[in-house]
Amino acid sequence: MEVILKQDIANLGFVNDIVSVKNGYANNYLIPQGLAVQATQTNRKILAENLKQRAFKEDKIKQDAQAIAAKLEGIMLRIGAKASTTGKIFGSVNNIQIAEALKEQNGIEIDRRKIAIDGEAVKEVGTYKAKINLHKEVRVLIDFEVIAE
């Protein structure tokens, strides 16, 4: 019997896969547990339409991410921090401060969880790089400079 999986099942398949299983396994476990539905002609059409709509939405999200990435290209952020005379800053610069600087200096609002600072913690005055993951296929590197206030 062919079934359409509703969830990932180990050693069987992933969501929306059409797999062939034994009748007993499908009728006694997969279908009653809500893990799969029978692959009738109607269910196949519904699956095809859902996949088409999901692809359209993902394409729109990716295009939006690429538009933001184009705005972020070549941006140099300046982040002020209290520092000693030797150049060490009190505390460290993190992704929250980078997100706030992006919003203040460029008007671009990005979730702080999408920002990752390359290397170790930023604890000195200088120039650093941060990676922004806008989409699973769209990543941008931006430069930021930590200056003493």
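Read-outs throughout are calculated quantities, based only on the coordinates presented, and are distinct from any laboratory measurement. Note that the structure is predicted; figures quoted are calculated from it, not measured. Cβ placement follows ideal geometry from the backbone for every residue including glycine, while neighbour counts extend to all protein chains displayed.
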Candidates R112, R44, R139; GNM for the chain (alpha-carbon contacts under 10 Å) flags as most fluctuating R44
Mean-square fluctuation maximum in Gaussian network of the chain, Cα pairs under 10 Å, restricted to I98, I31, I75, hits I31
Taking only Cα atoms, what is the 0 to 90° angle, nearest 10, from helix 41-72's long axis to the longest principal axis of the chain? 10 degrees
K114: which lysines have alpha carbons under 17 Å from its alpha carbon, excluding same-chain residues fewer than 8 sequence positions away? K62, K71, K103, K129, K131, K136
Taking the simple approach of a point 7 Å from Cα along Cα-to-Cβ for both R54 and N94, what is their distance in nm? 3.5 nm
In degrees rounded to 10, the 0-90 angle between helix 95-106 Cα long axis and the longest Cα principal axis of the chain is 70 degrees
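Rg to Rh ratio, the chain, alpha-carbon atoms and Kirkwood radius? Could the numbers behind the result be given before it?
Working: Rg = 24.2 Å, Rh = 19.1 Å.
Checking Rg against Rh, the ratio lands at 1.27.
Using 0.36 nm per residue, how much length does the chain from I108 to N133 gain when fully extended, once their Cα-Cα distance is taken away? Don't skip to the end; give the middle numbers.
Values: separation 25, 0.36 × 25 = 9.00 nm, distance 1.42 nm.
Result: 7.6 nm gained on full extension.
As an exercise, use a Förster radius of 35 Å and the Cβ-Cβ distance of L141 and T86 to find the FRET efficiency, rounded to the nearest 0.05.
Values: r = 28 Å, r/R0 = 0.81.
In this case the efficiency is close to 0.80.
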With each label point set 7 Å from Cα along the Cα-Cβ vector, what nm distance links E124 and A148? 1.4 nm
Stretchable slack from E2 to R78, in nm (0.36 nm times residue separation minus alpha-carbon distance): 21.5 nm
Given unit charges at Cβ for Lys, Arg (+) and Asp, Glu (-), the dipole magnitude of the range 69-148 about its Cα centre in debye, nearest 20, is 160 debye
